[in-house]
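A.B. asks: Questions regarding the structure given below will be posed in turn.
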Amino acid sequence: MIIIGERINTSIKAIRPAVENMDAAAIQEVAVKQAEEGAHYIDVNCGTFPYKEPDLLKWLVNTVQEVTDLPLCIDSANPEALRAALSVYKGAKPIINSVTAERKRFDSVFPLVKEFNTSIIALCMDDDGMPETAEQRVRIADWLINTMTKGGVDINDIYIDPMVRPVSTGTHYGIVALETIRRVMAEFPGVHTTCGLSNISFGLPARKLINQAFLISAIAAGLDSAILDPLDKRIMSFVYSAELLQGRDDFCMNYLTAFREGRLEV
């Protein structure tokens with residue numbers, strides 16, 4: 001499971017003032033902790049500062065890369081901010097988060113994927129909005145994958161996001177997301193799937209319980225990446241356990257290593 005650490009995001013109450021005040025030490029502490037707890041990528045997002053976003057995102061990239069060699073997931077809907085951040089990025093191939101099949105957004109973000117040789121998270125959404133059914137989402141995923149691979153992007157660099165919507169607004173949305181993951185992984189060998197787990201529980205109490213249950217279901221459906229909080233030992237424990245049970249952990253080595261290092265909650 002490819003873990004994208006979600007903690008450096010200015011929508012999080014503790015992170016917003018640290019970014020606003022350019023408190024490098026505070027941001028670096030969060031980055032290092034996520035790396036220590038098993039993240040493979042560190043997401044950086046300052047989208048709540050739209051007028052400062054290019055400069056702040058560039059600062060975040062430089063700040064985080066001073067203390068970790070992990071690649072970054074550069075998270076913005078603003079092509080100008082993405083370009084600013086990518087222009088100072090160094091190290092292993094980053095991920096852009098994200099693009100959609102909305103033509104204006106696709107045409108502004110996809111050239112950056114090619115220019116900077118990045119991986120890309122692609123959301124199953126187009127100019128008609130958020131699709132209701134798995135069939136519609138898979139059709140959008142098909143267009144995204146085929147368009148990007150024909151444009152020179154390796155399928156292994158594509159992460160399809162099935163667009164997880166809150167079950168509080170439609171009890172069928174969990175099933176739709178799981179079926180989308182299952183079909184994308186079966187129909188497009190080599191592609192990845194990822195999602196922000198917490199969307200599923202929005203508006204409901206005891207959200208962590210729902211997130212944990214959805215994670216296990218999604219891994220069983222084929223999900224091989226997730227945007228989550230690696231500092232949450234319980235959800236990381238479910239990652240290691242579910243991957244083991246799905247036969248994705250040879251000789252149980254990832255599980256055993258996490259246990260020996262005290263990274264499981266038992």
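Derivation of every value follows stated rules applied to the coordinates shown; laboratory data play no part. Because the structure is predicted, anything quoted here is derived from the model rather than measured. FYI the Cβ positions are ideal-geometry reconstructions off the backbone, even for glycines, and counts take in every protein chain you see.
A.B. asks: Quick one: is residue 207 in contact with a Ser or Thr (Cβ under 9 Å, 6 or more places away or on another chain) and more than 30 Å from residue 135 (Cα to Cα)? Break it down into steps so the answer makes sense when it comes.
C.D. replies: Numbers: in contact with a Ser or Thr (Cβ under 9 Å, 6 or more places away or on another chain): yes; more than 30 Å from residue 135 (Cα to Cα): no.
It is false that residue 207 is in contact with a Ser or Thr (Cβ under 9 Å, 6 or more places away or on another chain) and more than 30 Å from residue 135 (Cα to Cα).
A.B. asks: Would you please name the residue that is farthest from residue 4 (Cα to Cα), looking only at residues in the stretch 141-165 that are among the acidic types (Asp, Glu) and outside any helix (DSSP H, G or I)? Step through it out loud before you land on a result.
C.D. replies: Of the residues in the stretch 141-165, the ones among the acidic types (Asp, Glu) are 142, 154, 157, 161.
Then keep just the ones that are outside any helix (DSSP H, G or I); that gives 154, 161.
Values: 154: 20, 161: 13 Å.
Ranking the qualifying residues of the stretch 141-165, first place goes to 154.
A.B. asks: How many residues does the stretch 136-189 contain that are of a type in the set (S, T, N, Q) and in contact with a Leu (Cβ under 7 Å, 6 or more places away or on another chain)?
C.D. replies: Of the stretch 136-189, the ones of a type in the set (S, T, N, Q) are 136, 146-147, 149, 156, 168-169, 171, 180.
Those left that are additionally in contact with a Leu (Cβ under 7 Å, 6 or more places away or on another chain): 168.
Adding up the residues that qualify gives 1.
A.B. asks: Of the numbered conditions (1) within 19 Å of the chain's Cα centre (by Cα); (2) farther than 28 Å from residue 65 by Cα; (3) aromatic (Phe, Trp, Tyr), residue 143 satisfies every one except a single condition; which is it?
C.D. replies: (1)
A.B. asks: Given the conditions (1) surrounded by fewer than 16 Cβ atoms within 10 Å (Cβ to Cβ); (2) under 17 Å from residue 254 (Cβ atoms), and given that residue 35 satisfies all but one, which numbered condition is not satisfied?
C.D. replies: Failed condition: (1).
A.B. asks: Using beta carbons and a limit of 6 Å, which pairs, at least six apart or on different chains, have the first residue in the stretch 80-96 and over 22 Å from residue 160 (Cβ atoms) and in contact (Cβ under 8 Å) with a residue 12 or more places away in the chain and the second one part of a helix (DSSP H, G or I) and charged (D, E, K, R)?
C.D. replies: 81/53; 84/58; 85/58; 88/58
A.B. asks: Do we find a residue being assigned to a loop (DSSP other than H, G, I, E, B), free of Cβ contacts under 8 Å to residues at least 24 places away in the same chain and farther than 17 Å from residue 120 by Cβ anywhere in the stretch 190-210?
C.D. replies: Here is the first cut: in the stretch 190-210, the ones assigned to a loop (DSSP other than H, G, I, E, B) are 190-191, 194-195, 202-206.
When the remaining residues are screened for being free of Cβ contacts under 8 Å to residues at least 24 places away in the same chain, the result is 205-206.
When the remaining residues are screened for being farther than 17 Å from residue 120 by Cβ, the result is 205-206.
Yes, there is a match, as at least one residue in the stretch 190-210 is assigned to a loop (DSSP other than H, G, I, E, B), free of Cβ contacts under 8 Å to residues at least 24 places away in the same chain and farther than 17 Å from residue 120 by Cβ.
A.B. asks: If a residue must be of a type in the set (Val, Ile, Thr), under 11 Å from residue 133 (Cα atoms) and either buried (at least 20 other Cβ atoms within 10 Å of the Cβ) or touching a helix residue (DSSP H, G or I) at 6+ places or on another chain (Cβ under 6 Å) (or both), how many such residues does the stretch 169-197 contain? Walk me through how you get there before you give the answer.
C.D. replies: Let us first name the residues in the stretch 169-197 that are of a type in the set (Val, Ile, Thr), namely 169, 171, 175-176, 180-181, 184, 191, 193-194.
If we keep only those that are under 11 Å from residue 133 (Cα atoms) as well, we get 175-176, 180.
Those still in the list that are either buried (at least 20 other Cβ atoms within 10 Å of the Cβ) or touching a helix residue (DSSP H, G or I) at 6+ places or on another chain (Cβ under 6 Å) (or both) too: 176, 180.
Qualifying residue count for the region: 2.
A.B. asks: Only one residue in 155, 145 is buried (at least 19 other Cβ atoms within 10 Å of the Cβ) and in contact (Cβ under 8 Å) with a residue 12 or more places away in the chain, so which one is that? I'd like the intermediate steps shown before the answer.
C.D. replies: Working: 155 fails: buried (at least 19 other Cβ atoms within 10 Å of the Cβ).
It is 145.
A.B. asks: Being part of a loop (DSSP other than H, G, I, E, B), over 17 Å from the mean Cα position of the chain (by Cα) and under 17 Å from residue 39 (Cα atoms) is true for just one of 264, 223. Which residue is that?
C.D. replies: On the way: 223 fails: over 17 Å from the mean Cα position of the chain (by Cα).
When all the criteria are applied, what remains is 264.
A.B. asks: Turning to a different aspect of this structure: I'd like to know if the stretch 225-234 contains one or more residues that are polar (S, T, N, Q) and touching a residue at least 40 places away in the same chain (Cβ under 8 Å). Don't jump to the end; show me each part of the working.
C.D. replies: In the first step, residues of the stretch 225-234 are kept if they are polar (S, T, N, Q); the result is 225.
When the remaining residues are screened for being touching a residue at least 40 places away in the same chain (Cβ under 8 Å), the result is 225.
Yes, the conditions are met somewhere in the stretch 225-234.
A.B. asks: Okay, next question. Taking only the stretch 1-32 into account, find how many residues are surrounded by 15 or more Cβ atoms within 10 Å (Cβ to Cβ) and over 15 Å from the mean Cα position of the chain (by Cα). Step through it out loud before you land on a result.
C.D. replies: First pass over the stretch 1-32, keeping only residues surrounded by 15 or more Cβ atoms within 10 Å (Cβ to Cβ): 1-10, 12, 15-16, 18-19, 24, 26-28, 30-32.
Retained after the next criterion (residues that are over 15 Å from the mean Cα position of the chain (by Cα)): 10, 12, 15-16, 18-19, 24, 26-28, 30-32.
Residues flagged as surrounded by 15 or more Cβ atoms within 10 Å (Cβ to Cβ) and over 15 Å from the mean Cα position of the chain (by Cα) within the stretch 1-32 amount to 13.
A.B. asks: Does at least one position in the stretch 49-70 carry a residue that is on the phi > 0 side of the Ramachandran plot and free of Cβ contacts under 8 Å to residues at least 40 places away in the same chain? Spell out how you get there, then give the answer.
C.D. replies: Quick first cut of the stretch 49-70, residues on the phi > 0 side of the Ramachandran plot only: none.
Taking every residue of the stretch 49-70 in turn, none turns out to be on the phi > 0 side of the Ramachandran plot and free of Cβ contacts under 8 Å to residues at least 40 places away in the same chain.
A.B. asks: Take the residues of the stretch 79-125 that are buried (at least 18 other Cβ atoms within 10 Å of the Cβ) and among the small types (Gly, Ala, Ser): which is farthest from residue 63 (Cα to Cα)?
C.D. replies: 101
A.B. asks: Those residues that are under 18 Å from the mean Cα position of the chain (by Cα) and among the hydrophobic types (A, V, I, L, M, F, W, C), I need them from the stretch 170-209; list them, please.
C.D. replies: 177, 178, 181, 184, 185, 191, 195, 197, 200, 202
A.B. asks: Tell me yes or no: at least one residue of the stretch 259-266 is farther than 17 Å from residue 4 by Cα and surrounded by 14 or more Cβ atoms within 10 Å (Cβ to Cβ). Let's see the steps before the verdict.
C.D. replies: The first filter runs over the stretch 259-266 and keeps only residues farther than 17 Å from residue 4 by Cα, leaving 259-262, 264-266.
With surrounded by 14 or more Cβ atoms within 10 Å (Cβ to Cβ) added as a condition, the list becomes 259, 264.
Yes - at least one qualifying residue is present in the stretch 259-266.
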